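The values are calculated or read from the model by the stated rules, or taken from the named source; none is laboratory data. In this text, all values refer to a predicted model and were calculated from it rather than measured experimentally. Note that each Cβ is placed from the backbone with ideal geometry, even for glycine, and that neighbours are counted across all protein chains shown.
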Amino acid sequence: MVDQSPPVRPRVASALHRAIVHWYAEEARALPWRDPDCSAWGVLVSEVMLQQTRVSRVEPVWRSWLESWPTPAELAAASTADALRAWGRLGYPRRALRLIECARMIVDRHGGDVPRGYDELTALPGVGDYTASAVLAFGFGERAVVLDTNVRRVLTRVLAGQALPTPHLTAAERARAAAALPVQPDRAAAWTVGVMELGALICTASSPDCAGCPLTRHCAWYQAGLPADDGPRRRVQSWAGSDRQVRGLIMAALRDTAEPVSYLRLGTLLGVGVDQLDRCLASLLADGLVQRATDTDGSLFATGAGGEQREAGDREFALGAYRLPS
């Protein structure tokens with residue numbers, strides 16, 4: 001799918017900006033990280049949590065997280081286990097580790113204040129182009145091109161006349177988004193969050209509400225008759241029975257207790273095959289999300305609760321007990 005969309009004309013861009021800002025003022029959800037008093041740290045935490053995760057799941061965790069650690073310095077002093085427990089079932093728990101590392105770097109290198117430069121932000125653990133740009137726009141009110149899934153979809157439809165953006169961001173797509181961005185920083189931030197909200201609520205991937213969209217009269221995709229997507233798409237992996245699911249179950253079992261959990265106990269609780277349990281434990285250990293527990297004499301715990309008997313595929317795993325990192 002080749003991008004052949006024409007450049008955005010200034011008059012059209014101005015009309016788009018007015019329509020989005022007006023619609024957003026009337027229809028936006030009252031999300032806590034959008035509050036004018038929300039700190040740049042609060043915005044950064046929200047953007048990390050919102051990666052591949054629905055707003056409804058993020059909001060209660062974000063509120064609890066900010067109550068516990070309202071500044072980078074307070075998170076930097078927290079234990080990894082406490083942060084992982086607070087992360088709960090939000091998914092992709094490596095993000096929690098990156099946030100802890102990020103907080104510690106902010107304290108060490110920036111005096112505890114979230115940096116407001118793009119290069120300094122992208123040097124933080126777990127912060128890439130999108131997150132850095134979002135913090136600049138929403139945390140500091142800077143003019144920045146912020147391209148999440150929702151923004152990309154709206155701009156692709158309105159400006160390029162295509163149903164969906166390509167799986168990977170292209171230079172042409174970034175240039176088109178930059179051309180559509182208002183010049184004034186505050187207006188640019190308002191435009192971006194408005195387009196993002198429109199994509200989340202109205203211009204959705206599978207069921208767009210064109211009748212309720214403020215951009216319909218300017219939308220190239222709508223004017224073309226809503227042509228179907230003809231580009232390559234990624235296959236979505238099934239969740240049930242996947243390693244991702246088993247990793248999550250292991251993490252849940254370890255969050256629920258302060259005591260080490262034996263390999264035998266994990267096997268009984270999860271009811272999965274030995275090979276998959278070993279594979280998932282190995283990956284969690286490698287990611288730093290789980291650690292082996294040792295007794296006071298340095299030996300590995302090996303007793304399963306209730307004396308469970310279970311065949312083990314790897315004796316090193318079978319002798320172990322596991323807990324969240326300290």
Can residue 66 be described as surrounded by fewer than 21 Cβ atoms within 10 Å (Cβ to Cβ), at negative phi and either touching a residue at least 12 places away in the same chain (Cβ under 8 Å) or touching a strand residue (DSSP E or B) at 6+ places or on another chain (Cβ under 8 Å) (or both)? yes
Whichever residue in segment 119-153 is touching a residue at least 12 places away in the same chain (Cβ under 8 Å) and of a type in the set (S, T, N, Q) and, among such residues, is farthest from residue 99 (Cα to Cα): 150
Could we say that residue 197 is of a type in the set (Asp, Glu) and more than 26 Å from residue 42 (Cα to Cα) here? no
If we ask which residues in segment 262-292 are part of a loop (DSSP other than H, G, I, E, B) and either without any contact (Cβ under 8 Å) to a residue 24 or more places away in the chain or within 15 Å of residue 243 (Cβ to Cβ) (or both), their number turns out to be 5
Only helices (runs of 4 or more DSSP H) wholly contained in segment 1-114 count here; list those with 1 or more residues that are over 23 Å from the mean Cα position of the chain (by Cα). 10-27, 94-110
In segment 115-154, anything outside any helix (DSSP H, G or I) and over 30 Å from residue 226 (Cα atoms) is listed as 115, 116, 117, 123, 124, 125, 126, 127, 128, 141, 142, 143
Lone qualifier among 116, 89 - being in contact (Cβ under 8 Å) with a residue 24 or more places away in the chain, in the same structural domain as residue 171 (by TED's automatic domain parsing) and farther than 23 Å from residue 146 by Cα: 89
Flagged pairs (Cβ under 8 angstrom, 6 or more apart or on separate chains; first in segment 165-189, without any contact (Cβ under 8 Å) to a residue 24 or more places away in the chain and outside the structural domain of residue 20 (by TED's automatic domain parsing); second in a helix (DSSP H, G or I) and surrounded by 14 or more Cβ atoms within 10 Å (Cβ to Cβ)) are none
Number of the exception - residue 139 against (1) buried (at least 19 other Cβ atoms within 10 Å of the Cβ); (2) over 19 Å from the mean Cα position of the chain (by Cα): (2)
Before we move on, is residue 193 within 22 Å of residue 143 (Cβ to Cβ), assigned by TED's automatic domain parsing to the domain that holds residue 55 and under 21 Å from the mean Cα position of the chain (by Cα)? yes
What's the number of the only condition in (1) surrounded by fewer than 16 Cβ atoms within 10 Å (Cβ to Cβ); (2) among the aromatic types (Phe, Trp, Tyr); (3) at pLDDT below 65 that residue 317 fails to meet? (1)
Per the list (1) modelled with pLDDT under 95; (2) buried (at least 20 other Cβ atoms within 10 Å of the Cβ), residue check on residue 75 breaks on (1)
Condition test on residue 204, is it of a type in the set (Ser, Thr, Tyr), assigned by TED's automatic domain parsing to the domain that holds residue 217 and part of a loop (DSSP other than H, G, I, E, B)? yes
Quick check on segment 109-122. Is at least one of its residues aromatic (Phe, Trp, Tyr) and crowded, with 17+ Cβ neighbours inside 10 Å? no
Checking the structure you have, find out if any residue of segment 163-174 is over 23 Å from residue 53 (Cα atoms), modelled with pLDDT under 95 and over 24 Å from the mean Cα position of the chain (by Cα). yes
Checked 2, 8, 48, 12 against criteria (β-branched (Val, Ile, Thr) and modelled with pLDDT of 95 or more); the one match is 48
